[in-house]
Amino acid sequence: MRTEIHIPSDLRFLGVAENWLLGSLEVEIGDQEDWTRQSSRLRLALVEAYSNVVRHAHRDQPHLPVVLRLELRNRDLALEIWDHGQGYDLSTYLAPSPEQMQEHGYGWLILNRLMDRVEYQLQVNGRNCLKLQASLP
């Protein structure tokens, strides 16, 4: 199964993005016993990724679309989040330290804990791609 949605860079559309992702997956794997656990994990990953694009990559540019692509093969899931921002240089990322009481910088850590694999590509044909992958039980 493959599907994609083009959605405005506006947090008011977060529910639309969540419904698209979870609705698409529920059609395919919703009869699974632990669907509630899996859907919560995937929802949190989407919320983190989409909100980062809106707040950082597309800051004050709601006319720029965010493209969400979902592919599910057997039990292997890939979710891509495409944006038009300047991108983020991961070589400058420092994981947050609990002692420092940081307010920001937890997104990358959260995504890597939730998903099996996280990849970020800068400037692919003028856009950036965050790819989240997971094997579902």
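Here the 3J(HN,Hα) profile of segment 93-98, calculated from phi with Karplus coefficients 6.51, -1.76 and 1.60 at θ = phi - 60°, is 6, 10, 4, x, 10, x Hz, Gly and Pro shown as x.
Annotation: per residue accessible area for the chain equals 60 Å², rounded to a whole number [probe 1.4 Å, protein chains only]. Mean-square fluctuations from a GNM of the chain, with a 10 angstrom spring cutoff on Cα atoms, peak among Glu119, Glu103, Glu71 at Glu103.
Would you mind telling me which residue in Ala57, Ala95, Ala78 has the biggest mean-square fluctuation in a Gaussian network model of the chain, where springs connect alpha carbons within a distance under 10 angstrom? Top of the fluctuation ranking is Ala95. Shown in residue order for segment 43-51 are the 3J(HN,Hα) couplings computed by the Karplus curve 6.51 cos²θ - 1.76 cosθ + 1.60 at θ = phi - 60°: 4, 4, 4, 5, 4, 4, 5, 5, 5 Hz (x for Gly and Pro).
Scalar couplings 3J(HN,Hα) for segment 55-67, obtained by applying the Karplus form with A = 6.51, B = -1.76, C = 1.60 to θ = phi - 60°, are 7, 10, 5, 10, 3, 6, 10, x, 6, 7, x, 9, 9 Hz; x denotes Gly and Pro.
Measuring nothing but how far apart in sequence close Cα pairs (under 8 Å, 6+ apart) lie, relative to its length, the chain scores a relative contact order of 26 percent. At q = 0.16, 0.19, 0.33, 0.35 Å⁻¹, what is the base-10 log of I(q)/I(0) for segment 80-119 according to the Debye formula with one equal point scatterer per Cα and no solvent? Please give it to two decimals. Scattering profile of segment 80-119, log10 relative to I(0): -0.51, -0.71, -1.21, -1.22.
When the scattering of the chain is computed by the Debye formula from its Cα atoms alone, each counted once and equally, what is log10 I(q)/I(0) at q = 0.09, 0.10, 0.20 Å⁻¹? Values, matching the q order: -0.27, -0.33, -1.26. A Gaussian network model of the chain, with springs between Cα atoms under 10 Å, assigns the largest mean-square fluctuation among Asn52, Asn19, Asn125 to Asn125. Its convex hull of Cα atoms gives segment 1-64 a direction-averaged projected area, equal to a quarter of the hull surface, of 4.4 nm². Surface composition of the chain: carbon and sulfur atoms hold 49% of the protein heavy-atom accessible area at a 1.4 Å probe. Charge tally around Glu80: other residues with Cβ under 11 Å, Lys/Arg +1 each, Asp/Glu -1 each, net 0.
The values are calculated or read from the model by the stated rules, or taken from the named source; none is laboratory data. Predicted model, so just to flag it, every value in this text is computed and none were measured. Here Cβ is always computed from backbone atoms with ideal geometry, including for glycine, and neighbour counts include all displayed protein chains. Accessible surface is based on the protein model in full, side chains and every heavy atom, while ligands, DNA and RNA are left aside. Shrake-Rupley method; radii C 1.70, N 1.55, O 1.52, S 1.80 Å.
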